[in-house]
Each structure stands twice: as structure tokens, then as C-alpha cells.
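One structure is given below, encoded as C-alpha cells.
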Amino acid sequence: MKKIISFTLIAVLLVSCFTLAAGALSKVNIRIEGKDNTFYNGSVYVGAGATVLDVVNAVDEANENVNATITESQYGAYISGINGDNEDTIFVPDPEDPEKGTTYYIGWMFAVNNQSSSAGVSAYNLEGGEDIVLYYADMNSQVPVADFSEAGKIKLTSYDWLPDWSGLDWFPVKDATVTLNDKEYTSDENGIVTYNPEDFKCLVNMQIKRYDELGYTTVCPFPSNYTFQPVIPQKPVTLNYSTSLYVKGAYQIDLSSDEDITYTTSNSKIATVNESGKITAVKAGTATITATAGKTTAKYKVTVKNPTLNAAKKTLKKGKSFTLKVTGAIGSVKYSTSKKSVAAVSSKGKVTAKKKGSAVISVKANGVTLKCKVTVK
């Protein structure tokens, strides 16, 4: 819905003023976009207290190809035309009621650092380093700001007047035709342009256009050399690893990522994993530990084994001995015998045959009990 606005209201909107402390010369960038052409795209050095109008006058004086018309009014000076693109007020009557209709104001709008302002060109003071765009358009035009952070999407927003003209806020730039190299797209109601980044392998030139029913632009164009690098979506990646642990053993996953890493286990009765990626073996069996960061997944197949003895049975002659050894022991190991009179065992696992018979040597390691049958002849 177009807003109907009088010339008086337009002038009032161009009155507010900013202040600026004194300082040295500073560079500002300015682009002037006419109806069909870019009239200027460059830099100007200005002194303390310079206004946007001062910058336009400086460009006019230094360039034969830029001819600006400045009009004085009771509300201050404003730009009424550049290179023949002059302000105009056009009334389009309602077909059903010719006395009613819509009034379009066509003229020179401006934005500083991609934001509109309540100040006019003769009242907006500059600090230095600003990017100014001056463009010939419908009063209801927008200055698009593009966000390329999400793969396959461009979010277009503009810092615009609220419907009641009480202030400014960010709004989507919808129904705009966006050209990426030679492909055309249309922004949706949320200002989103969806494209396939795989279609573009390098820098992409981006242009935008949208017109009112009279053929005047309603969106400030981007510079002709405006480019961006598409964000390529991360494809799912699965990494596979394997490791073996003895019961009560531990393994620290060593991964780094800019994204948060989450860890899960397929069977906590076999192996657990904490939030920092430390795997702890619980009992014999297999489990899969999964580490996920964004679209990257690392899978660790964990095989948990019990500790083992170097002998499950042994035959000795009376007075002889041998030593039981445990592979995979973590922590202390305890030894005991079922018959001390037949076979004794030391705290170090040394078994000594005492008399004819049989005995069972029990070895407790990692919470698991292992046994060796000893026969004495």
C-alpha cells in the first residue's frame, strides 16, 4: 500500500540536525544512483561539520558528469535533481473514483551506512568514514542490507520508516528481483532469497531491482561491482575409529571443533562417555561411542575385554612354583587360594605346590575374578 504524503511533510522529514565536533579532514565514500545509471562512485575529503549536501556539492564541482540542482525551501536546502533526474509528484487517480487515488513522490533519497535518516541532506553532519548512497527513487523505496551468513540463503532487510512515520526500524525487502550472475530470484515475504550455492563456484555478482506501477525504483541498487562469496553448506561427514579397552580402562577422545561437541554411547552397560569425551570401560562387550559436532560425526567402536591370566590350569610337583601374571590389570590385584595346604599363593601371584591334590587360585583384577586350577603331583 503506497503512502500518500504531501510536499510539506516531506520537507518536515528533512529538518532534524546532528552535531559534530571540530576535526581534521576525513574521507567519506559516496555513490550516486540515477534512474538508469550510476552517476558517481568514489570518495570525497570533508572537514569538520560537513553535511551530506556539502559532499554532493564537492562531487558536483569536481566532476563535469555530475550536475546537481539544489533547491532552497523554508525547511532548508535539498537536492531536487541530478543530471536531469528531477523530483516529481505524480497523482494516480482511482479508476472507480477519479477524485481519489495515490500520490507518488519521486525524488532523491539518501542513506548513510545503509540506514535512512530523519535528517535532510543539509542537516546530516558527518564524522568521517561514512558510506553515503544517494539514489533517485519512489518515496517508499528501501535501502537493502544483505546477510549471507546462512548457506543457500540471502536475507535482505532495510532500515525504514514505521507505518505511522514515528521512527525507523528494520523491515524485510520483499518481492525484489535479485540477480546472481545471470540467474534471477525473487525475495519472499521475509526478505529471503533461496539459491543453490553449488551453482556458484566463486565470487557472485549481485544486483537487485523492484519498481512501482509507474516504473520508478523502490529499492536502492547495489553497486555494479557488488559481489559476495557464497557460503557452501557443510556436507555430513562420518569418521570411523576403533579402540580396545580392558574393563575399568579409559580413553580420552581428542577432537576439536568450532561447534559444541556432544557424546553418546550405544550401550552404557559396556562403555560410558562423559561430556568431555572420556570413555570408561564397564564390562566385556562392544559399544559405539558417537561424537557429533555440527554435521560431522565421529564413531568409535569400543571393544571391552576382561583382564587375562597367563594360565588357566597348571600342574606342579610338590615343592615347585610358578608365577601367575595378569594382562590388562588396572590398579591392585588380589590373589587367594581355595586350599592353602595344597597350593599357596603370595601377594605377588607366586604359586607354590605344597602337597598332592588340587586347588583353585582366584585372581581379582579390575573387579573381575579370574581362576587357575592347580594340580599338585
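Can you tell me which residue among Val326, Val342, Val376, Val351 is under 30 Å from Ile270 (Cβ atoms), of a type in the set (A, V, I, L, M) and surrounded by 14 or more Cβ atoms within 10 Å (Cβ to Cβ)? Outline the logic, then answer.
Values: Val342 fails: under 30 Å from Ile270 (Cβ atoms); Val376 fails: under 30 Å from Ile270 (Cβ atoms); Val351 fails: under 30 Å from Ile270 (Cβ atoms).
Among Val326, Val342, Val376, Val351, only Val326 is under 30 Å from Ile270 (Cβ atoms), of a type in the set (A, V, I, L, M) and surrounded by 14 or more Cβ atoms within 10 Å (Cβ to Cβ).
Tell me, which residue of the stretch 126-144 that is modelled with pLDDT of 90 or more, open to solvent by less than 30 Å² (accessible area, probe 1.4 Å) and assigned to a strand (DSSP E or B) is farthest from Ile82 (Cα to Cα)?
That would be Gln142.
Across the stretch 58-87, which residue is nearest to Gly129 (Cα to Cα) among those that are in a helix (DSSP H, G or I) and either open to solvent by 50 Å² or more (accessible area, probe 1.4 Å) or touching a Gly at 6+ places or on another chain (Cβ under 8 Å) (or both)?
Just the residues of the stretch 58-87 that are in a helix (DSSP H, G or I), to begin with: 58-62.
Checking which are either open to solvent by 50 Å² or more (accessible area, probe 1.4 Å) or touching a Gly at 6+ places or on another chain (Cβ under 8 Å) (or both) leaves us with 59, 61-62.
Numbers: Val59: 16, Glu61: 21, Ala62: 20 Å.
For the stretch 58-87, the residue satisfying everything is Val59.
Being open to solvent by less than 60 Å² (accessible area, probe 1.4 Å), more than 30 Å from Ala281 (Cβ to Cβ), in contact (Cβ under 8 Å) with a residue 12 or more places away in the chain and not in a loop (DSSP other than H, G, I, E, B), is that true of even one residue in the stretch 181-189?
Looking for residues that are open to solvent by less than 60 Å² (accessible area, probe 1.4 Å), more than 30 Å from Ala281 (Cβ to Cβ), in contact (Cβ under 8 Å) with a residue 12 or more places away in the chain and not in a loop (DSSP other than H, G, I, E, B), one finds none in the stretch 181-189, hence no.
Just to verify a result, which residue in the stretch 354-367, among those that are in a strand (DSSP E or B) and either farther than 14 Å from Ser336 by Cβ or touching an Asp or Glu at 6+ places or on another chain (Cβ under 7 Å) (or both), is most open to solvent (accessible area, probe 1.4 Å)?
Of everything passing the filter in the stretch 354-367, Ser358 is most open to solvent (accessible area, probe 1.4 Å).
Considering each of Pro221, Pro172, Pro230 in turn, give the residue that is surrounded by 18 or more Cβ atoms within 10 Å (Cβ to Cβ) and in contact with a helix residue (DSSP H, G or I) (Cβ under 8 Å, 6 or more places away or on another chain).
Matching residue, one of Pro221, Pro172, Pro230: Pro230.
Looking only at the stretch 111-125, which residues are part of a strand (DSSP E or B) and open to solvent by 20 Å² or more (accessible area, probe 1.4 Å)?
Passing the criteria: Gln115, Asn125.
If only one of Ala298, Ala311, Ala271, Ala293 is among the hydrophobic types (A, V, I, L, M, F, W, C), touching a strand residue (DSSP E or B) at 6+ places or on another chain (Cβ under 7 Å), at negative phi and without any contact (Cβ under 8 Å) to a residue 60 or more places away in the chain, which one is it?
None of the others qualify; the one that does is Ala271.
Among the residues of the stretch 257-307, write down those that are surrounded by 20 or more Cβ atoms within 10 Å (Cβ to Cβ), among the small types (Gly, Ala, Ser) and under 25 Å from Asn366 (Cβ atoms).
Passing the criteria: Ala271, Ala281, Ala287.
Condition first: without any contact (Cβ under 8 Å) to a residue 40 or more places away in the chain and charged (D, E, K, R). Now tell me which residues in the stretch 105-162 satisfy that.
Within the stretch 105-162, Asp147, Lys155 qualify.
The values are calculated or read from the model by the stated rules, or taken from the named source; none is laboratory data. Owing to the predicted nature of the structure, the values given are computational and were not obtained by experimental measurement. Don't worry about glycine lacking a Cβ; one is built from the backbone with ideal geometry, like all the others, and counts go over all protein chains shown. Keep in mind that these areas ignore ligands, DNA and RNA; they rest on the heavy atoms of the full protein, side chains included. Shrake-Rupley method; radii C 1.70, N 1.55, O 1.52, S 1.80 Å.
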